[in-house]
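Data first, discussion second: the structure below is written as structure tokens.
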Amino acid sequence: MTFSKDALAGRVAIITGGGSGIGFGIAKAFASASAKLVLASRNEERLQGAVEEITEMGGEAIAVQADVRDYDSVARVVQTAVETYGGVDVMIANAAGNFVVPAADMSPNAWKTVIDIDLNGTFYCARAAYPALKESEFGGRFIAISTTRALEGWPGCAHAGAAKAGIMSLIRTLTGEWGKDGIRCNTIAPGAIGDTEGVKRIYEDAGRKANELSSIPLGEFGKTTDIANAAVFLCSDAGAYVAGADLVVDGGRNRGRASPIVSVPGK
Ligand code: HXC
Ligand code: NAP
């Protein structure tokens with residue numbers, strides 16, 4: 001399923017981590033909906049590959065190397081977007097780092113690294129994009145990628161769980177502060193999305209793939225297009241009245257699991 005070709009026409013979108021996984025999925029869907037793109041992350045070669053693929057499909061995109069832990073680096077991404085395309089209508093804070101390590105073994109620097117990328121990086125993206133977003137003729141959009149694990153507690157990923165919970169709080173605060181500027185702030189909470197680095201690290205490498213699959217009523221991992229479609233919706237005119245939401249896209253993970261009253265065949 002795709003949105004109409006002009007669903008995001010005239011919009012300029014920055015996507016951090018836009019060269020791989022979910023971020024690249026969002027980039028391709030945005031290009032199909034006619035947005036102009038600025039893809040930002042550390043690995044310039046991978047970003048250039050993504051830009052080439054988007055150009056081949058008829059889209060418009062540039063790559064800007066940046067580390068979201070460095071505010072000046074993020075500010076340069078925004079400045080480049082404004083200089084190249086004349087403004088910024090959408091900022092998608094998708095970049096993240098994560099790895100499985102029990103809290104008792106987690107070094108202080110391992111904790112700090114993930115908090116810096118996920119939580120501080122998301123704030124830097126919001127802060128740097130704010131002046132441009134409030135000038136957007138479409139009503140600016142700020143989207144951060146969270147996870148349902150944020151509010152459940154996340155054994156093995158204390159750093160990422162805390163960071164994502166912080167992101168959810170930040171989005172609610174920004175919704176309150178920036179609504180008057182027409183900026184809609186939301187999170188999208190993906191479940192396990194197949195063929196991504198996240199699922200490889202957290203479930204496949206940890207030997208937990210079958211267990212995770214069994215917790216999903218729809219019976220399969222999501223696709224990057226599932227998250228991309230949610231992002232297109234929120235950033236299009238169709239999403240104009242959605243602010244401060246956490247849009248869960250997880251195949252119903254864990255619903256009906258806690259205290260089954262009826263038995264479901266095959267479960
Ligand atoms: C324990 C680890 C570790 C591991 C790194 N560290 N990997 N500790 N287990 N597997 C520790 C290091 O020893 C070091 O601490 C500190 O973390 C920083 O490590 P660096 O390698 O110096 O960091 P850096 O080069 O900045 O790389 C950041 C990174 C890396 C997060 C560690 O993995 C990365 O670049 N990740 C980006 C891609 C990614 O993670 N994608 C998945 C996103 S998925 P010391 O004390 O030794 O100095 C996601 C949610 C998925 O976010 C949800 C699925 C459902
Ligand atoms: P991914 O492909 O590894 O994406 C992470 C991206 O972040 C990469 O493109 C990486 O690019 C970029 N990045 C990492 N550190 C950075 C830094 N310091 N500065 C700038 N960019 C940085 O993993 P993914 O699974 O698609 O994850 C994407 C998002 O979805 C993350 O926010 C993740 O938490 C969230 N999520 C994923 C799942 C899932 O099932 N996969 C579930 C819930 C939430 P470079 O290496 O080039 O910097």
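Overview of results
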quantity	calculated
Unique residue being more than 25 Å from residue 10 (Cβ to Cβ) and β-branched (Val, Ile, Thr) when the list is 175, 187, 122	122
Matching residues in the stretch 140-172 - criterion: being open to solvent by 10 Å² or more (accessible area, probe 1.4 Å) and either closer than 24 Å to residue 85 by Cα or aromatic (Phe, Trp, Tyr) (or both)	154
Count of residues meeting criterion [more than 16 Å from ligand 1 (Cβ to nearest atom) and of a type in the set (S, T, N, Q)] in the stretch 148-205	4
Top-ranked residue in the stretch 84-133 [being away from ligand 1 (no atom under 15 Å from the Cβ) and in a strand (DSSP E or B); ranked as surrounded by the most Cβ atoms within 10 Å (Cβ to Cβ)]	91
Candidate set: the stretch 199-229, residues that are within 8 Å of ligand 2 (Cβ to nearest atom), in contact with a helix residue (DSSP H, G or I) (Cβ under 7 Å, 6 or more places away or on another chain) and in contact (Cβ under 8 Å) with a residue 40 or more places away in the chain; chosen: the one farthest from residue 151 (Cα to Cα)	224
First in the stretch 148-173 and on the phi > 0 side of the Ramachandran plot, second anywhere and assigned to a loop (DSSP other than H, G, I, E, B) and of a type in the set (Gly, Ala, Ser), Cβ under 9 Å, 6 or more apart	156/206
Residues (farther than 18 Å from residue 94 by Cα and not in a helix (DSSP H, G or I)) located in the stretch 134-182	134, 135, 136, 137, 138, 139, 152, 153, 154, 155, 156, 182
Matching entry among 23, 59, 97, 19 (being under 17 Å from the mean Cα position of the chain (by Cα) and farther than 28 Å from residue 175 by Cβ)	19
Filter result (at pLDDT 95 or above and in a loop (DSSP other than H, G, I, E, B)) within the stretch 219-228	220, 221, 223
Breaking point among (1) open to solvent by 30 Å² or more (accessible area, probe 1.4 Å); (2) modelled with pLDDT of 95 or more, for residue 254	(2)
Of residues in the stretch 9-23 being out of contact with any Gly (no Cβ under 6 Å at 6 or more places or on another chain) and under 25 Å from residue 191 (Cα atoms), the one farthest from ligand 2 (Cβ to nearest atom)	13
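The values are calculated or read from the model by the stated rules, or taken from the named source; none is laboratory data. What you see is a predicted model; the values in this text were computed from it and never measured. Every residue, glycine as well, gets a Cβ built from its backbone with ideal geometry; the counts of neighbours run over all protein chains shown. Side chains are part of the model used for accessible areas, which takes the heavy atoms of the whole protein and leaves out ligands, DNA and RNA. Shrake-Rupley method; radii C 1.70, N 1.55, O 1.52, S 1.80 Å.
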